[in-house]
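The values are calculated or read from the model by the stated rules, or taken from the named source; none is laboratory data. Please read these numbers as outputs of a predicted model, since none were measured by experiment. Quick reminder, even Gly has a Cβ in these numbers, built from the backbone with ideal geometry, and neighbours come from all protein chains shown.
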Amino acid sequence: MKSILNLPFQVLIIFIFVSFNKQSHTFPTTMAIASTILKHKILVVGSTGATGKHVVRMLLDQGDTQVVALTRSKDKLLNLLNIGDKTENLTVKENSIGNLSAEELKDLTKGCSAVVR
């Protein structure tokens, strides 16, 4: 029989997550620590809109995502998010998507695993 300590790290994390989730219906601390290892980069277009501001906040709260926010007003976005100086996972690009050239849009989406509009 194979010891649980000989399993790959990802399998251990999934096992711990499933075990804890069945008992308490909460995310275990181990899963939160492991998620900081995985980094995603997501572009949010319209980040000051009714839905966009919530998407940006949710992604930042996850802690494992680099958020690129496209907005016409950086100040408005930061006020809506009310995050102060905690912007280490947030990059704000002030522009309108209609004003971006194809090359600028390509550069903005480089390395992104998703685009939310």
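Could you say whether any residue in segment 16-34 is closer than 21 Å to residue 113 by Cβ, modelled with pLDDT under 90, touching a Leu at 6+ places or on another chain (Cβ under 6 Å) and surrounded by 14 or more Cβ atoms within 10 Å (Cβ to Cβ)? No, segment 16-34 contains no residue that is closer than 21 Å to residue 113 by Cβ, modelled with pLDDT under 90, touching a Leu at 6+ places or on another chain (Cβ under 6 Å) and surrounded by 14 or more Cβ atoms within 10 Å (Cβ to Cβ). Scanning segment 42-99 for residues that are of a type in the set (A, V, I, L, M) and without any contact (Cβ under 8 Å) to a residue 12 or more places away in the chain yields 50, 58.
Among the numbered conditions (1) more than 11 Å from the chain's Cα centre (by Cα); (2) under 14 Å from residue 40 (Cα atoms), the only one that residue 56 does not meet is (1).
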